[in-house]
Structures are given as structure tokens and as C-alpha cells.
Amino acid sequence: MKIAIDIDGVLLDIIVEYCKIYNERYGTNYRKKDIKSWDFFKDWNISEEVAFNIFYEIYADSMNVPFIDENAPKVMKKLNELYDVDIVSARLPEYRSSIIKKLNFHDVREGIQYVELILLHHKPYDIKMKQSYDIYVDDNPNLVEPIKELEDRTLLLFDQPWNQNSVCENNVYRVYEWEEVYDKIREL
């Protein structure tokens with residue numbers, strides 16, 4: 001079985017750092033819980049270009065981004081001993097060294113917690129579906145409906161404020177923390 005693990009919103013809590021930077025620049029007071037949609041920048045009345053420039057800034061130096069769950073490295077190691085686990089993220093290749101540094105800092109290492117780090121462009125939002133995985137652990141609500149159409153694939157939707165409107169049924173399951181990710185995968 002092949003498993004794809006996302007980075008942002010699943011391993012790293014990038015939106016916490018995003019809000020901090022955005023608030024400092026624009027005098028706002030957004031918090032992670034205020035982000036109700038994947039395209040939150042539209043709700044904030046900023047262009048996609050401005051929004052992604054902040055993401056790119058964070059990608060270039062991810063060391064300030066909080067880790068989501070201290071159990072993730074232990075769980076990923078157990079999963080990688082049983083299955084083929086890759087980290088599959090919508091980050092551009094030029095940010096590879098920054099993300100590897102951050103993952104290593106949190107003891108998420110190639111060959112132990114995952115086999116390969118695969119970086120894809122962020123659009124289309126469901127680009128990960130072109131990759132051949134049995135299970136996706138992701139926070140992207142744009143994967144929910146495409147996964148439902150593929151009986152041979154499963155999505156573990158990592159709970160985040162921006163995916164609350166996603167209906168988890170059939171082969172889509174909502175998970176809240178990394179121990180639950182492990183339990184659900186073993187159950188499947």
C-alpha cells in the first residue's frame with residue numbers, strides 16, 4: 001500500500017505563521033480559526049499573487065512554522081515500516097532544502113519516516129490525484145469529491161477550519177490527530 005502525507009496543515013501548522021506575518025503587515029488580527037475556506041485570500045480581499053508571496057516567504061524559511069503533532073514522527077515511522085510512505089506536498093522544488101531542514105529538525109527523516117519527498121505545483125488543487133497512492137493524508141477539501149469517485153483510494157482528511165464543510169463519507173474519513181491516522185490506516 002502506498003500512502004501520501006501532506007506537509008502544510010498535516011505536519012506543519014503553516015497558517016499560524018501565515019496569520020502572524022499577514023497581521024504584522026496589514027494591521028489585522030486574523031487567527032487560524034478565522035480561515036473558513038481553502039481560498040481564504042478571497043475572503044480577505046487580497047490577490048492570489050499577494051497571498052502566495054507570503055506562502056513562498058514562509059516556504060523559504062520554514063523553521064518558524066509550528067509542528068502540528070509531536071506524535072507524527074513516531075506514527076510515520078511505524079507506517080513506513082509497514083507501507084510505502086511518501087511526503088507529497090504542493091510546494092515548488094526550490095523550497096526542497098528548506099522543508100527537508102524543517103522535517104529533519106522534527107525528526108521526520110527520509111528512509112525512516114518516509115521513502116520520498118515529492119513536490120508538486122499548487123494548482124490545480126487536486127493535482128495530487130494524478131499521483132498513484134492508495135491513501136492520502138491531507139487537509140485539502142478539494143480532494144474530497146475527486147477521491148469519492150475513486151473506490152480504490154482513501155482520503156484521511158486532517159481536520160482544519162478550512163475543511164469543515166467537507167462531507168466525509170464512503171472512502172473519506174476525518175482525522176484529528178496522528179494516532180488516529182495510524183489507527184484508521186490499520187483498520188483499512
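The values are calculated or read from the model by the stated rules, or taken from the named source; none is laboratory data. In this text the structure is predicted, and so the values were computed from the model without any measurement. When we count neighbours, we look across all protein chains shown, and the Cβ atoms used for this are built from the backbone with ideal geometry, even at glycine.
What about Val16, is it in contact with a strand residue (DSSP E or B) (Cβ under 6 Å, 6 or more places away or on another chain) and more than 24 Å from Met129 (Cα to Cα)? When the stated conditions are applied, Val16 does not pass them.
Kindly indicate whether Tyr176 is farther than 20 Å from Leu12 by Cα and of a type in the set (Phe, Trp, Tyr). It is false that Tyr176 is farther than 20 Å from Leu12 by Cα and of a type in the set (Phe, Trp, Tyr).
Going through (1) among the acidic types (Asp, Glu); (2) crowded, with 21+ Cβ neighbours inside 10 Å; (3) without any contact (Cβ under 8 Å) to a residue 12 or more places away in the chain one by one, Glu110 falls short only on (2). Return the total of residues in the stretch 29-43 being loosely packed, with under 12 Cβ neighbours inside 10 Å and more than 18 Å from the chain's Cα centre (by Cα). Within the stretch 29-43, residues that are loosely packed, with under 12 Cβ neighbours inside 10 Å and more than 18 Å from the chain's Cα centre (by Cα) number 1. Considering only the stretch 44-76, state which residues are among the polar types (S, T, N, Q) and either exposed (fewer than 15 other Cβ atoms within 10 Å of the Cβ) or touching an Asp or Glu at 6+ places or on another chain (Cβ under 7 Å) (or both). Across the stretch 44-76, the qualifying residues are Asn45, Ser47, Asn53, Asn64, Asn71.
Yes/no matrix, rows are residues, columns are (1) over 18 Å from the mean Cα position of the chain (by Cα); (2) assigned to a helix (DSSP H, G or I):
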residue	(1), (2)
Glu24	yes, yes
Asn45	yes, no
Phe52	no, yes
Lys74	no, yes
Leu79	no, yes
Ile87	no, no
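For Gln160, indicate whether it is polar (S, T, N, Q), closer than 14 Å to Asp86 by Cβ and in the same structural domain as Ala72 (by TED's automatic domain parsing). Give the steps one after another, and end with the answer.
Numbers: polar (S, T, N, Q): yes; closer than 14 Å to Asp86 by Cβ: no; in the same structural domain as Ala72 (by TED's automatic domain parsing): yes.
No; evaluated as a whole, the condition is false for this residue.
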